[in-house]
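Trainee: Supplied in structure tokens, the structure appears directly below.
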Amino acid sequence: MISQFVNPAKRKKKLLGDLYNFPAGTMAIGRLDVPSEGLLLLTTDGKVSAEIRSHKYEKEYYVQVDGIVTEKEIAQLKNGVEIGFNGKKYMTKPGKAFIIEDPKFPLRSMKIRDERHGPTSWISIIITEGKFRQVRKMTAAVGLPTLRLIRVRIGKIKLENLEVSGVKEVPILM
């Protein structure tokens with residue numbers, strides 16, 4: 001699914017508007033790329049969107065990576081890593097990162113490689129910025145390519161047990 005309401009490339013993918021009859025003017029607060037999953041907040045208020053996309057709110061991701069994560073990679077992710085952004089080198093801001101157990105999410109519709117191809121690990125990455133494909137670039141920068149990426153929290157709002165394509169009204173964060 002494309003995390004927007006208009007499909008300028010006319011790809012044969014579902015759009016957010018296919019999920020529910022949202023009010024006119026509804027927009028996604030930030031986006032998730034097509035292979036990513038998880039929490040996406042929607043609003044009709046541009047000020048709320050700008051506020052939540054700001055550095056004031058943490059965004060937490062559970063990331064399945066190719067390989068075994070060590071404390072060395074966790075320290076690098078916490079301190080910030082150099083990634084490419086808009087054709088330039090960019091140092092990510094310090095954040096939080098932890099090794100976590102497999103969160104046991106339901107299988108996804110897009111296949112990823114499995115353990116037969118080598119070990120995988122899960123980490124939690126918490127950032128306050130959101131550059132294009134930032135989390136994927138961060139894990140790649142420390143030698144751990146992302147296999148699965150799930151946003152589980154924005155500020156105090158958590159994904160919890162919301163079903164795939166589920167819609168739930170939540171109070172404003174501000």
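Trainee: Within the stretch 146-174, which residues are assigned to a strand (DSSP E or B) and aliphatic (A, V, I, L, M)? I'd like the intermediate steps shown before the answer.
Mentor: First pass over the stretch 146-174, keeping only residues assigned to a strand (DSSP E or B): 146-154, 157-158.
Selection gives LEU147, LEU149, ILE150, VAL152, ILE154, ILE157.
Trainee: Would you check which residues across the stretch 32-69 are more than 13 Å from ILE127 (Cα to Cα) and among the charged types (D, E, K, R) and list them?
Mentor: The answer is ASP33, GLU37, ASP45, LYS47, GLU51, ASP66.
Trainee: Of these, LYS78, LYS72, which one is loosely packed, with under 12 Cβ neighbours inside 10 Å and either outside any helix (DSSP H, G or I) or among the charged types (D, E, K, R) (or both)?
Mentor: Values: LYS78 fails: loosely packed, with under 12 Cβ neighbours inside 10 Å.
Every option except LYS72 fails the conditions.
Trainee: Residues that are closer than 22 Å to ILE100 by Cβ: list the strands (runs of 3 or more DSSP E) wholly contained in the stretch 21-67 that include at least 2 such residues. Give the steps one after another, and end with the answer.
Mentor: On the way: elements: 27-29, 41-43, 59-66.
Result: 59-66.
Trainee: Next up: Could you please tell me which pairs satisfy a Cβ distance under 7 Å, a separation of 6+ or placement on different chains, a first residue in the stretch 85-103 that is free of Cβ contacts under 8 Å to residues at least 12 places away in the same chain, and a second residue that is assigned to a strand (DSSP E or B)?
Mentor: Pairs that qualify, where the first residue is free of Cβ contacts under 8 Å to residues at least 12 places away in the same chain and the partner is assigned to a strand (DSSP E or B), are LYS89/GLU82; MET91/GLU82.
Trainee: Look through the stretch 91-105, keep the residues that are outside any loop (DSSP other than H, G, I, E, B) and touching a helix residue (DSSP H, G or I) at 6+ places or on another chain (Cβ under 9 Å), and return whichever of them is nearest to VAL142 (Cα to Cα).
Mentor: Restricting attention to the stretch 91-105, the residues satisfying the condition of being outside any loop (DSSP other than H, G, I, E, B) are 91, 96-100.
If we keep only those that are touching a helix residue (DSSP H, G or I) at 6+ places or on another chain (Cβ under 9 Å) too, we end up with 96-99.
Working: LYS96: 15, ALA97: 13, PHE98: 14, ILE99: 14 Å.
Of everything passing the filter in the stretch 91-105, ALA97 is nearest to VAL142 (Cα to Cα).
Trainee: Mind checking whether some residue in the stretch 58-68 is farther than 21 Å from ASN161 by Cα, modelled with pLDDT of 90 or more, crowded, with 18+ Cβ neighbours inside 10 Å and not β-branched (Val, Ile, Thr)? Give the derivation first.
Mentor: Step one: list which residues in the stretch 58-68 are farther than 21 Å from ASN161 by Cα, which gives 65-68.
Narrowing further to those that are modelled with pLDDT of 90 or more: 65-68.
Okay, now just the ones that are also crowded, with 18+ Cβ neighbours inside 10 Å, so 65-66.
Subset that is not β-branched (Val, Ile, Thr): 66.
The answer is yes; a qualifying residue exists.
Trainee: Here are some conditions: (1) over 16 Å from ASP33 (Cβ atoms); (2) in a helix (DSSP H, G or I); (3) at pLDDT 90 or above. LYS137 meets all but one. Which one does it not meet?
Mentor: (1)
The values are calculated or read from the model by the stated rules, or taken from the named source; none is laboratory data. In this text the structure is predicted, and so the values were computed from the model without any measurement. Here the Cβ is made from the backbone with ideal geometry for all residues, glycine too, and neighbour counts use every protein chain on show.
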